[in-house]
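The values are calculated or read from the model by the stated rules, or taken from the named source; none is laboratory data. Given the structure is predicted, the values throughout are model-derived calculations rather than measurements. Methodologically, a virtual Cβ is constructed for each residue, glycine included, from the backbone with ideal geometry; neighbour enumeration extends over all protein chains shown. The protein model used for the area step is the full one, side chains on, heavy atoms only, and it has no ligands, DNA or RNA in it. Shrake-Rupley method; radii C 1.70, N 1.55, O 1.52, S 1.80 Å.
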Amino acid sequence: MTSKKKLGLTPRILIGMALGILVGALFKFLLAGEAERTLSLFGAELGLRAFFVDGIFHVGGQIFVASLKMLVVPLVFVSLVCGTSSLNDPNTLGRLGAKAMGLFTLTTAIAIALAIFFAVLVSPGAGVNMVADSSFQTGAAPSIAEVFINMFPSNPVDAMAKGEMLQIIVFSVLFGLAVAMSGEAGARVRDFFNDLNEVVMKLVGFMMALAPYGVFFLMAKLFTTLDMKDMGSLVWYFATVLFVLVFHGFVVYGTFLKVFGRLSPLMFFRKMKDAALFAFSTSSSNATLAVNMETTTKKLGVSNNIASFTIPLGATINMDGTAIMQGVATVFIAQVFQIDLTTMDYLMVILTATLASIGTAGVPGVGLIMLAMVLQQVGLPVEGIALIIGVDRLLDMTRTAVNISGDAMVSCLVAKSENQFDEACFNNPDAGRNV
């Protein structure tokens with residue numbers, strides 16, 4: 001008897017993505033024009049857009065994303081309590097935080113510096129004749145004082161209900177430390193959370209099995225409704241952002257792994273492909289958090305004590321992809337409005353965007369708020385943001401893949417520096433194959 005080899009998760013996701021793009025492009029063609037096409041089903045006339053695009057594609061995709069986000073709060077809370085409660089020395093937590101924050105800040109600064117360099121080199125806004133929407137507005141950014149105050153929840157249950165990630169992280173860490181210091185009672189609570197963590201990870205497995213179908217619905221809806229009319233004017237902006245994202249993701253992260261961790265970048269990227277595809281299709285670091293946590297611990301060999309802290313923290317504050325968009329967009333908008341920026345202006349952009357990536361963490365529309373802060377800092381018109389929104393959805397997909405790869409890369413480096421890294425697991429191409 002011969003058994004057929006089952007396709008792995010990556011090829012199944014790629015098949016779902018490709019089919020979704022093809023189906024979406026087909027519906028885009030069928031629905032072109034003013035007249036709504038209809039489908040006769042069981043004697044009833046159904047509109048193609050209403051039944052498929054706004055119905056099946058939209059509902060299927062949103063259920064998939066909602067299912068992934070459903071796991072975020074329990075996963076972050078449970079895994080952080082497990083990781084923190086297992087630390088024998090509370091000082092270790094401060095050391096982990098300093099290393100993770102330092103690496104996240106450094107990679108963000110490098111990301112925006114690269115973005116500015118390549119944008120100045122390419123000049124994507126030179127000769128572009130576009131008119132910005134003067135009515136465009138973004139929300140106000142919080143002050144530094146508000147950021148620190150809002151990190152501490154007055155009601156942890158309310159913070160979990162609203163998905164306030166920084167507040168959840170702070171409460172989980174404090175709760176985990178209390179468990180670690182509570183003797184026998186704490187040991188019983190720790191055992192309970194370890195069992196609960198296994199159950200949550202099993203739920204993650206269920207969601208990953210549904211990934212190809214969810215990706216199909218998301219891609220079909222996106223490419224049915226995607227408006228590509230501005231691509232001609234924005235092609236150089238789009239290409240520049242995409243190039244810097246790929247360069248940063250592979251070259252910068254690969255260099256960090258090789259130089260600071262003595263690890264194989266090729267093995268890292270090979271094992272990250274499933275999580276990166278999840279991030280690309282959902283455009284949400286939080287929705288991909290569960291998958292990234294599973295990948296980092298089971299495939300890359302990072303101890304759960306480290307990953308349970310660095311992955312949620314990175315999903316909240318690590319915004320290398322967004323920083324790249326801000327750097328290129330700043331240069332692009334300056335060139336469109338024919339405003340010359342000085343070297344000091346560019347340095348101010350790097351500083352502002354790096355600090356803003358932490359200061360506006362968890363704020364809705366964070367990318368646009370951060371970009372508005374950067375533009376105001378160097379005297380550029382904020383309404384210029386309206387020029388790039390048309391293609392930002394596609395770029396956001398790639399930005400998210402870069403962001404979650406950065407979270408995993410930092411987790412590997414921090415874990416290795418703390419001797420909580422299984423290098424044999426990292427170098428084993430079959431480790432976590434079923435994850």
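Quick notes on this one:
- Model label sites at VAL157 and ASP89, defined 7 Å from Cα along the beta-carbon direction, differ in position by 3.8 nm.
- Peptide packing: for 54-60, 165-171, the average count of neighbouring Cβ atoms within 10 Å per residue gives the ranking 165-171, 54-60, highest mean first.
- Packing-based ranking, highest mean first, of 419-427, 74-82, 372-380, 61-69 given that Cβ atoms within 10 Å are counted: 74-82, 372-380, 61-69, 419-427
- Rounded to the nearest 0.05, the FRET efficiency derived from the C-beta distance between VAL259 and ALA239 at R0 = 22 Å is 0.15.
- Highest-first arrangement of 202-208, 406-412, where packing means the average Cβ count within 10 Å: 406-412, 202-208
- Using a cutoff of 8 angstrom between alpha carbon atoms and counting only pairs six or more residues apart, the relative contact order for segment 148-281 works out to 13 percent.
- Here the Karplus relation 6.51 cos²θ - 1.76 cosθ + 1.60, evaluated at θ = phi - 60°, turns the backbone of segment 211-223 into coupling constants of 4, x, 6, x, 5, 4, 5, 5, 5, 4, 5, 4, 7 Hz, with x for every Gly and Pro.
- Theoretical gain in end-to-end length, MET70 to LEU174 [0.36 nm per residue, Cα-Cα removed]: 35.1 nm
- Dipole in debye (nearest 20) - segment 254-328, about Cα centre, beta carbon charges: Lys, Arg +1; Asp, Glu -1: 340
- One decimal place: the segment SER182-ILE63 gains 38.8 nm when fully extended, by the rule 0.36 nm per residue minus the C-alpha distance.
- Approximating the spin labels as points 7 Å out from Cα along Cα→Cβ, the GLU198-to-PHE51 distance works out to 4.8 nm.
- With protein chains left intact and a 1.4 Å probe, residues in segment 140-222 average 56 Å² of accessible area per residue.
- Translational diffusion coefficient of segment 269-322 (Stokes-Einstein, Kirkwood radius from Cα pairs, 25 °C, 0.890 mPa s): 218 µm²/s.
- For segment 144-212, the fraction of 1.4 Å probe accessible surface lying on carbon and sulfur atoms is 66 percent.
- In the structure shown, the pairs LYS258/LYS299; LYS221/LYS271; LYS202/LYS298; LYS162/LYS271 are assessed against 22 Å; a Cα-Cα span above that value is assigned to LYS221/LYS271; LYS162/LYS271.
- Additional length obtainable on full extension of the chain from LEU26 to PHE206, 0.36 nm per residue less Cα span: 61.7 nm
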